[in-house]
Amino acid sequence: MRRPHGARLDTSVTAPEEVAPATNTSVAPPAWASASRRRNRFREGRPTPELSEAQQKVVRDLLWQNIRLEPAAVRVVDTAAFQRLRYVRQLGHAFLVYPGATHSRFEHALGAYHLTRRALEALRVQGAFAIGEADALLIRLAALLHDIGHYPFSHALEESGFLSHEALGERYLARADVAGLLAESGITDSAALGAVIRGTSAHPLAGLVSGSIDLDKIDYLKRDALMCGVPYGEIDVERLLACLVVVELDGRRTLGVMEKGLSALESLLFAKYQMYRNVYWHHAVRSATAMFKRLVRDAVAHGTVEPATIAEATDDALMHDLAAHDRTGLAAALRERRLYKRALELLPGELDAEVSAWVWQGGERLEAAEDALAKRAGLSRAELLIDFPYKTAMLGLDVAVARRDGTVARLTERGWPGQMDLPKTAEDLVESARRLRVFVSRPATITAADVVAALGA
């Protein structure tokens with residue numbers, strides 16, 4: 001398999017313009033003026049006093065305008081492992097439906113890093129929680145590196161049972177080139193960095209990277225909506241960042257949100273639902289995803305590609321190799337956008353039987369059910385595909401809330417009746433977004449009873 005480019009590439013960064021030195025004044029500014037300037041730096045993504053303009057590089061970004069990178073971040077961005085993310089699309093095959101959705105994991109990672117810097121600055125401005133530079137750097141770089149192990153074509157391969165991209169990311173962090181650069185910045189424990197990314201760290205600020213209110217979600221929802229040209233990713237970012245707080249809950253410090261920020265948190269959850277309903281689970285996007293998953297499963301089964309090399313490929317490199325040995329015709333169909341059409345679409349409640357988890361987990365059992373249903377419908381092998389997407393805790397909540405009366409409470413999917421009722425309806429929202437679809441390469445008649453029989457076989 002063709003390996004990712006190993007040469008160091010231009011990171012498209014420019015040095016910021018020189019800033020004329022401030023004129024001296026004999027009157028010291030009041031304390032509130034200093035705090036006001038720091039708040040402005042927070043809103044604009046400007047550097048904190050600990051790091052000068054000259055020490056940073058600037059990336060121009062469509063969503064956040066200027067993203068400033070500290071030296072430690074620049075060193076990470078310049079690695080071949082990180083540069084690979086330029087060639088891994090954020091939304092997989094969604095560009096076949098939304099032509100603008102060609103943005104990459106690279107720019108998303110920069111956006112998550114940018115928001116994390118802003119959040120850390122907001123917490124510093126509050127002054128209620130002392131953040132050491134070593135801790136802040138760990139969290140910033142975890143945000144930057146959270147997708148370092150991502151597969152080509154979004155989450156399609158993880159849906160098929162491949163190792164999670166977080167687990168793959170830990171392997172990248174342990175590699176000599178990446179680990180060496182991290183060590184130069186003072187991060188010598190790659191396991192601690194990996195735990196923050198994986199969501200298993202007890203670090204008080206780990207929730208900025210992985211959790212109910214992690215900044216990864218804010219960036220991808222807003223960026224995906226912008227690039228797809230849809231109005232569904234609206235989030236009250238400023239309010240949510242300003243309402244982040246570190247609290248003590250269940251005997252340990254953890255990231256939370258002020259009670260007055262719950263409406264901003266609701267905007268995040270609604271945006272996520274709308275994007276899944278209208279973009280990520282759009283029927284044509286799911287058709288292309290199902291075709292791609294079947295193509296890869298067939299290639300792996302026949303030894304034409306190896307899972308280990310797939311994990312290091314780019315989108316185009318993987319498709320090139322899949323097309324070279326394709327036995328199904330799916331590679332050419334995807335390249336030419338000859339997507340399978342819906343022969344049947346059902347809401348979960350329209351099925352007379354409960355759908356087992358193996359249907360959305362993929363694998364040999366699903367493939368056997370697809371081929372059995374295809375034979376019954378007079379189609380050939382791989383001409384019929386079954387898709388039933390699933391997202392663990394899509395609208396799940398587990399966040400600490402600093403109440404107005406000074407207490408701290410945990411907000412979960414059970415919600416607070418009369419105050420935040422969204423979690424009560426979360427399950428209904430998720431189910432309303434899901435569809436069980438049968439896609440076919442040519443016209444065929446498929447009934448719900450046929451599907452139930454095939455899945456129950």
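Any read-out appearing in this document is the output of simple, stated calculations on the displayed coordinates, not a laboratory observation. Being a predicted model, the structure only gives us computed values, none of them experimental. FYI the Cβ positions are ideal-geometry reconstructions off the backbone, even for glycines, and counts take in every protein chain you see.
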| Computed label-point distance, nm, for sites ARG335 and TYR390 using a 7 Å Cα→Cβ extension | 3.4
| task | Give a quick list of GluC sites (Glu not before Pro) in segment 339-390 that DSSP marks as loop, anything other than H, G, I, E or B, with at most 13 other Cβ atoms within 10 Å. | result | GLU354
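Note the full-extension length gain between THR309 and THR447 as 0.36 nm times their separation in residues minus their Cα-Cα distance, in nm to one decimal.
Here the answer is 45.8 nm.
Mind listing which trypsin sites (Lys or Arg not before Pro) in segment 363-395 are in a DSSP loop and have 16 or fewer other Cβ atoms within 10 Å?
Loop-located and lightly packed - ARG381.
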| Point-charge dipole on Cβ atoms (K/R +1, D/E -1) for segment 68-126, about Cα centre, debye to 20 | 40
| Once you put a point 7 Å from the Cα of GLU413 and another 7 Å from the Cα of THR102, both along the Cβ direction, what distance in nm separates them? | 3.9
| task | Report the calculated FRET efficiency for ASP316 and ALA80 (r = Cβ-Cβ distance, R0 = 22 Å), to the nearest 0.05. | result | 0.85
| said: On a straight-distance basis, which aspartates and glutamates could pair with LYS391 in a cross-link, Cα separation under 14 angstrom, same-chain partners fewer than 8 positions away excluded? | reply: GLU158, GLU159, GLU427, ASP428, GLU431
| query | Placing +1 at every Lys and Arg Cβ and -1 at every Asp and Glu Cβ, with all other atoms neutral, what dipole size does segment 48-279 have around its Cα centre, in debye to the nearest 20? | reply | 400
| said: Strictly over 22 Å apart at the Cα level, which of LYS272/LYS341; LYS57/LYS272; LYS217/LYS260; LYS217/LYS341; LYS222/LYS293; LYS57/LYS217 would you flag in this model? | reply: LYS272/LYS341; LYS57/LYS272; LYS217/LYS341; LYS222/LYS293; LYS57/LYS217
| Once the dipole of segment 48-279 is set up with Lys and Arg at +1 and Asp and Glu at -1 on Cβ about the Cα centre, which of ALA94, ALA128, GLY194 lies farthest towards its positive end? | ALA94
| field | GLU248-ALA167 FRET efficiency (beta carbon distance; Förster radius 30 Å; 0.05 resolution) | value | 0.45
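Using 0.36 nm per residue of separation minus the Cα-Cα distance, give me the extension gain between LEU226 and GLU354 in nm, one decimal.
Values: separation 128, 0.36 × 128 = 46.08 nm, distance 3.66 nm.
Separation in residues times 0.36 nm, less the Cα-Cα distance, equals 42.4 nm.
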| field | Charge dipole magnitude, Cβ of K and R +1, D and E -1 - segment 263-368, Cα centre, debye nearest 20 | value | 340
| field | Stretch gain in nm, segment ASP177-LEU347, where the contour uses 0.36 nm per residue and the Cα spacing is subtracted | value | 56.4 nm
| Any idea how far apart VAL125 and ARG381 come out in nm if each label point goes 7 Å out from Cα toward Cβ? | 6.1
| query | Which listed residue (LEU163, GLY180, SER212) has the Cα farthest towards the positive end of the charge dipole for segment 143-216, taking +1 on Lys and Arg C-beta and -1 on Asp and Glu C-beta about the Cα centre? | reply | GLY180
| remark: The FRET efficiency for SER432 and ASP189, from their Cβ-Cβ distance with R0 = 51 Å and rounded to 0.05, is 0.70
